[in-house]
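Take a look at the structure below.
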Amino acid sequence: MSDALNNWLGEQTRLNRVLILALDSLAEPNPVTSLYSAGLMQRSVQLYRGTQYAEFVAISPWLTELSNPSADAFRKLLDDPQRNWGWIGSMDNADLDGLTQHWRARMIIDEDGERSLFRFQDNRVIARCLANLKETEYPLLLGPIASVLFWDEDQWKSADNVRPGVYPAPDPAPWLRNPESGEQARSILRDNLKRWLLTYHVEAAAELAETRVVSEWLEEQMDLLDLWQWKTPEQRKLMLSRRLNAKCMDDVAWEPLPGETPEVHFARCQRVFVEPGVAV
């Protein structure tokens, strides 16, 4: 284990804090399975259960109070952070109910009138959100969590919340500020597109996951979006929603014709792949 990981765990023990796991059930393999088998999920919450988004409970994040940090199942997660299974938080006092309400108040993103699920349980997402914040703004995102440890860019990183407590969800959320450009912009777009797929096309995405790694498939589609210069939400949604179907994805009609502008190419694909009255 790395020094950063050991130092953080040791500091939380010294401060007598409770460890909380934010688990991404879409990680491969699902971290919930091994922790449940080891009896470590006794004090847990499946965030979407009992909410208006209960239909997405199969992909719900989990919040788990870790009763035994020495358990082999937990240590195996720490040994394999590249799976991007989630992240670890600490609290001065265990309050799973309060923490659940905190994240439920922040689990929906409303952009341009469209709602999607905020994948805060993904360690890469929480890393980017924290990077978008000043330290004085950490309490707005982390709430009652006193400190977090997460895997980011091939290393363990941590962040301390100087004022843990209960805060109303701000609107707009400062952690969702627009990125500057380059790889950060692509990374944020990747997460937004994945959220959209898992909100509006969850069954098709689950079927795709049986034969492909969804994140790899999404990277391939994003490369095509760049190549075709399709940059609007309407263009992205048409492509992703229709190409989830393996038969449709291989259709030669997707290929741009010689001399086609991105706008004409999109209009033609829209005529070919969208049935009248069917939304993407």
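The values are calculated or read from the model by the stated rules, or taken from the named source; none is laboratory data. Just so you know, these numbers come straight off a predicted model, no measurement behind them. A quick note on method: Cβ atoms are made from the backbone with ideal geometry, for glycine too, and the neighbour counts reach across all protein chains shown.
Being under 14 Å from Leu19 (Cα atoms) and either in contact with a Cys (Cβ under 6 Å, 6 or more places away or on another chain) or of a type outside the set (A, V, I, L, M) (or both) is a description that does not apply to Trp85.
Conditions (1) in a strand (DSSP E or B); (2) in the same structural domain as Trp85 (by TED's automatic domain parsing); (3) surrounded by fewer than 17 Cβ atoms within 10 Å (Cβ to Cβ); (4) not charged (D, E, K, R), marked per residue:
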| residue | (1), (2), (3), (4) |
| --- | --- |
| Gly98 | no, yes, yes, yes |
| His102 | no, yes, no, yes |
| Arg115 | yes, yes, yes, no |
| Arg119 | no, yes, no, no |
| Arg124 | no, yes, no, no |
| Leu130 | no, yes, no, yes |
| Leu133 | no, yes, no, yes |
| Thr136 | no, yes, yes, yes |
| Pro139 | no, yes, no, yes |
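The set of residues from the range 40-54 being out of contact with any strand residue (DSSP E or B) (no Cβ under 9 Å at 6 or more places or on another chain), touching a residue at least 40 places away in the same chain (Cβ under 8 Å) and outside any loop (DSSP other than H, G, I, E, B) is empty. Taken together, the criteria place Leu225 among residues that are within 25 Å of Arg124 (Cα to Cα), aliphatic (A, V, I, L, M) and at pLDDT 85 or above.
Whether any residue in the range 22-39 is under 30 Å from Glu210 (Cα atoms), part of a strand (DSSP E or B) and either assigned by TED's automatic domain parsing to the domain that holds Lys157 or in contact (Cβ under 8 Å) with a residue 60 or more places away in the chain (or both) is what I want to check. Within the range 22-39 (the criterion being under 30 Å from Glu210 (Cα atoms), part of a strand (DSSP E or B) and either assigned by TED's automatic domain parsing to the domain that holds Lys157 or in contact (Cβ under 8 Å) with a residue 60 or more places away in the chain (or both)), the answer is yes, since at least one residue qualifies.
Scoring Ser70 on the criteria (1) under 20 Å from Trp156 (Cβ atoms); (2) among the hydroxyl-bearing types (Ser, Thr, Tyr); (3) touching a residue at least 12 places away in the same chain (Cβ under 8 Å) leaves a single failure, condition (3).
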